[in-house]
Amino acid sequence: MTTTNWSLKVDRGRQTWEHSQEKKEATDVDIHLLRLKEPGTHCPEGCDLNKAKTPQQAIKKAFQYFSKVQTEDGHWAGDYGGPMFLLPGLVITCYITGYQLPEPTQREIIRYLFNRQNPVDGGWGLHIEAHSDIFGTTLQYVSLRLLGVPADHPSAVKARTFLLQNGGATGIPSWGKFWLATLNAYDWNGLNPIPIEFWLLPYNLPIAPGRWWCHCRMVYLPMSYIFAKKTTGPLTDLVKDLRREIYCQEYEKINWSEQRNNISKLDMYYEHTSLLNVINGSLNVYEKVHSKWLRDKAIDYTFDHIRYEDEQTKYIDIGPVNKTVNMLCVWDREGKSPAFYKHADRLKDYLWLSFDGMKMQGYNGSQLWDTAFTIQAFMESGIANQFPDCMKLANHYLDITQVPDDARDMNHYHRHYSKGAWPFSTVDHGWPISDCTAEGIKSALALRSLSFIDPIGLERVADGINVLLTLQNSDGGWASYENTRGPRWLEKFNPSEVFQNIMIDYSYVECSAACIQAMSSFRKHAPTHPRIKEINRSINRGIKFIKSIQREDGSWLGSWGICFTYGTWFGIEGLVASGEPLTSPSIVKACKFLASKQRADGGWGESFKSNVTKEYVQHETSQVVNTGWALLSLMSAKYPDRECIERGIKFLIQRQYPNGDFPQESIIGVFNFNCMISYSNYKNIFPLWALSRYNQLYLKSKI
Ligand code: LAN
């Protein structure tokens, strides 16, 4: 019997890791997620440890294993960690507000930070596979110290040595300056202003916050509040020590205003434009002369928006950054009010325990997204009818996660329609996303072919289609959460230094192709629907857009997965779903591109450096997830070189563990080109999906 102190609790997608003093019997889900057994050796009921020899055996094993690690409420849970700049925000917020994390949680966080320390230089980077930098190293170092690790601990000494050898914490990027300033370990004069009065600009102006990408908007909203209030934690002895530990000069002697644009070379990814520097210069002058009346008005206005976001998302908030900054705002305004405790309770939704310790995830999970892909992979296997309970439960998760209504006062708070949309994680979170809605629709429609399913009604699916129609941009493509609302030149104001394309919501190949696929599937299921003409027109415009952004070499640049393999998978699937002839130059060129990247072992493997540099970079080794995407694309386009496909399939079978699971390889997701993020369920979804398609296409054999 395998036992554990930690167990995953789920409730309508909400995931919380709970600790008990005494060890209890571990569930299959716990064993799988915490790697309580050597990878590949755990054998849930119905599984066996005989390695698959044929594609059919591999499909059956993969399905059987993965169906056993479905959670009680019907979703698939996974590790959505990766970024390293999130957890420190939580630790610092708890420290400033005096909110104690439970002992076992603190212990697991410390274990995580040590586990993820770069063994070579003692630093940390932007994400778990990144090179060490000042942002990562300073913030993890500070977190460890706040959690009670002494300054003379060997790991702390090593980290500090790296930090001081590379110029110390003065050169930390702006979001790091922000966190240190709230902690009272960086002077507010060392930051460029985050002007709160921006929030009072009328929407008609192209630079109004309502037009920014929602993540940018929702992060700078509370940051501007904190900057205006200069909310700062107490100057404790520990903070005084930190002031001595992380800088190369004496704290009191640092010329803070010179640090505003001091960003370490290790960290710099997207430099400030000269336009932004000029604006920052003027804002510094404005800070000295601003009207108190206007500022107070702006503070009240932003707090109202912060409260709205908290309430709409049940205090989860759109993402891990505004989650903790909003919590700090609530504390600043109300102290330890009931709203503060609602916030604190939802910290758990972001804290994820894994084999390497406890981390803060990039979202409150990827529940809906992973479940929608799993459903589609399972449906293509042809054996979903052998797993009725699993499929019913997955359908249940889709059903309860569709967003029932639009947000209240949506225009005033800059929200898009959400009635009928699907979110990325849970219905409580509720922010609608174009491609999550699309994958929700695709999986809901796919499930209709199972006789034992009580499917989501077509009227409800049509509500989702309505959201997609409203989300199409004037360029014919789809962005992530909202339409593109602002001009491209807004990117010149991007102050983040470490992220690109954060200012507005751009049209993406992934989102566009997913929406096209969803609408193409809908018109097959509801050919006489009153909006069919509109849907056809929308698909055609979408296809034009997709073709317009295909690269010369036939590929598409992916923005949310690594990288060209991911983008090209969407590009091809979108074109094929719309009915584009398989001989179309776009499709032929795209297949040629993918085939040219196949490696000697039959697999595909792309490095995250592709996203960073926007040029294809081979990984050191082939990756099962990249291989799954490449094979799905080639088979969807009926690529004529069957041998190429067979070599890929053999690679997947050979990489499968005897229990049906697949190895966790390199990080596979990304955002804003520079920060990587884990999708631990992808290894189980995409190889199985590719094997299934292979069986349907060539073997057509019963499993
Ligand atoms: C996500 C997660 C899901 C992802 C997909 C649905 C996969 C994508 O196709 C569209 C974009 C979206 C919704 C997305 C956008 C950016 C997010 C929210 C994230 C990668 C998860 C974390 C990230 C967020 C911005 C992290 C916080 C960092 C900031 C720069 C604010």
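Per residue of segment 78-92, what does 6.51 cos²θ - 1.76 cosθ + 1.60 with θ = phi - 60° give for ³J(HN,Hα)? Whole Hz please, x for Gly and Pro, Karplus curve as stated.
x, 8, 10, x, x, x, 9, 9, 9, 3, x, x, 5, 5, 5
With every protein chain present, what is the per residue accessible area of the chain (1.4 Å probe, Å²)?
36
Segment 177-255 to segment 666-696: how many Å between their Cα centroids?
36
Sort 439-448, 91-100 by packing, meaning the average of other beta carbons within 10 Å per residue, with the highest value first.
Going by the mean number of other Cβ atoms within 10 Å, highest first, we get 439-448, 91-100.
Percent relative contact order of the chain, based on C-alpha pairs within less than 8 angstrom and at least six residues apart?
RCO, the chain: 18 percent.
Put +1 on the Cβ of each Lys and Arg and -1 on the Cβ of each Asp and Glu in the chain; which of S678, I92, L183 then has its Cα farthest toward the positive end of the dipole?
Highest projection toward the positive end goes to S678.
HN-Hα J couplings of segment 684-697 from phi, Karplus 6.51/-1.76/1.60, θ = phi - 60°, integer Hz, Gly and Pro as x?
These are the phi-based 3J(HN,Hα) values: 8, 7, 6, x, 4, 5, 5, 4, 5, 5, 4, 5, 5, 7 Hz.
Considering amide H positions built from the backbone, and no H for Pro or chain starts, which residues 5 or more places from H127, or on another chain, come under 5 Å of its amide H?
Result for H127 returns M84.
Taking the Cα centre of segment 119-225 as origin, sum charge times position over the Cβ atoms of Lys and Arg (+1) and Asp and Glu (-1), and report the length of that vector in debye to the nearest 20.
140
Give me the log10 of I(q) over I(0) for the chain at q = 0.08, 0.12 Å⁻¹, as the Debye formula computes it from C-alpha points; what are the numbers?
-0.61, -1.42
Across all directions of projection, what mean area in square nanometres is found for the Cα convex hull of segment 60-153? Provide the component values of the computation, followed by the final result.
Values: hull surface 34.9 nm².
Across all orientations, segment 60-153 yields a mean hull projection of 8.7 nm².
With all distinct Cα pairs included, what does the Kirkwood hydrodynamic radius of segment 353-401 come out to in Å, to one decimal, could you say?
For segment 353-401, the Kirkwood estimate is 12.5 Å.
What is the packing order of peptides 361-368, 17-24, taking the mean over residues of other C-beta atoms within 10 Å and listing the highest first? Could the numbers behind the result be given before it?
Working: 361-368: 26.8, 17-24: 11.9.
Final packing ranking: 361-368, 17-24.
How are the Cα pair distances of segment 197-313 distributed, in percent, across 10 Å bins from 0?
Using 10 Å bins, I get a P(r) of 10, 31, 35, 22, 3 for segment 197-313.
For R448 paired with K51, estimate the spin-label separation in nm (one decimal), with each label point 7 Å from Cα along the Cα-to-Cβ line.
4.3
Dividing the alpha-carbon Rg of segment 14-105 by 2.2 N^0.38 Å yields what?
For segment 14-105, the normalised Cα radius of gyration is 1.47.
Please compute one quarter of the surface area of the Cα convex hull for segment 502-647 and express it in square nanometres.
Values: hull surface 37.8 nm².
Quarter of the Cα hull surface area: 9.4 nm².
Carbon-plus-sulfur fraction of the accessible area of the chain, 1.4 Å probe, in percent?
Accessible surface attributable to carbon and sulfur in the chain totals 52 percent.
Please report the net charge: other residues with Cβ closer than 15 Å to the Cβ of I299, K and R +1, D and E -1.
Numbers: positive: K229, K230, K292, R295, K297, R307, R333; negative: E197, E287, D296, D300, D304, D332, E334.
Net charge around I299: 0.
Which order, highest average first, do 210-222, 391-403, 43-55 follow once you tally other Cβ atoms within 10 Å for each residue and take the mean per peptide?
Taking the mean over residues of other Cβ atoms within 10 Å, the ranking is 210-222, 391-403, 43-55.
Any chance you could check the Cα centroid distance between segment 599-617 and segment 296-375 for me, in angstrom?
So the two Cα centres are separated by 34 Å.
Can you give the net charge of the other residues whose Cβ lies under 11 Å from the Cβ of C216, counting K and R as +1 and D and E as -1? Please list the in-between numbers first.
Working: positive: R211, R217; negative: E491, D505.
With Lys, Arg at +1 and Asp, Glu at -1, the neighbours total 0.
Give me the number: length gained by fully extending D641 to N5, i.e. 0.36 nm times residue separation minus the C-alpha to C-alpha distance, one decimal in nm.
Full extension of this stretch gives 223.8 nm more.
Using just the Cα positions, wrap segment 130-204 in a convex hull and report its mean projected area in square nanometres, one decimal place.
Spelled out: convex hull of the Cα atoms, projected over all directions, averaged, 7.1 nm².
Could you tell me which residue out of H75, I109, P173 lies farthest along the dipole of segment 70-185 toward its positive end? Charges go on the beta carbon: Lys and Arg +1, Asp and Glu -1, centred on the Cα centre.
Checked the options; the winner is P173.
As a check on your grasp of the helix formula, calculate [θ] at 222 nm for the chain: sum -39500 (n - 2.57) over DSSP H runs of n ≥ 4, divide by the residue count, round to the nearest 500.
Dividing the helical sum by the residues of the chain leaves -15000 deg cm²/dmol.
Using a Cα-Cα cut-off of under 26 Å, which lysines could be cross-linked to K288, ignoring same-chain neighbours fewer than 8 residues away?
K177, K229, K230, K253, K297, K492
Just list whichever of K37/K348; K323/K597; K24/K68 have alpha carbons separated by over 29 Å in the model shown. Don't skip to the answer; put the middle values down first.
Working: K37/K348 25 Å; K323/K597 40 Å; K24/K68 19 Å.
K323/K597, as the Cα separations exceed 29 Å there.
Give the Rg (one decimal place) followed by the Dmax (whole number) of segment 486-573, computed from C-alpha coordinates and expressed in Å.
Cα radius of gyration and Dmax of segment 486-573 are 15.7, 50 Å respectively.
Below 8 Å, C-alpha to C-alpha, sequence gap of six or more: please give me the relative contact order for segment 131-195 in percent. Mind dumping the intermediate values first?
Details: 34 pairs, mean separation 21.9, N = 65.
Relative contact order of segment 131-195: 34 percent.
Which entries in the list K265/K609; K53/K702; K524/K547; K51/K359; K524/K700; K442/K533 go over 26 Å, if you measure between the two C-alpha atoms of each?
The answer is K51/K359.
Can you figure out the FRET efficiency of L235 with D121, using R₀ = 35 Å and their beta-carbon distance, to the nearest 0.05? It would help to have the intermediate numbers written out before the result.
Numbers: r = 31 Å, r/R0 = 0.88.
The calculated FRET efficiency here is 0.70.
With charges only on Cβ, +1 for K and R and -1 for D and E, what is the dipole size of the chain about its Cα centre, in debye, rounded to 20?
So the dipole magnitude of the chain works out to roughly 1180 debye.
The values are calculated or read from the model by the stated rules, or taken from the named source; none is laboratory data. None of these values were measured; they are calculated from a predicted model. No Cβ is skipped: glycine too gets one built from the backbone with ideal geometry, and neighbour counts run over all protein chains shown. Side chains included, ligands, DNA and RNA excluded: accessible areas come from the protein's heavy atoms. Shrake-Rupley method; radii C 1.70, N 1.55, O 1.52, S 1.80 Å.
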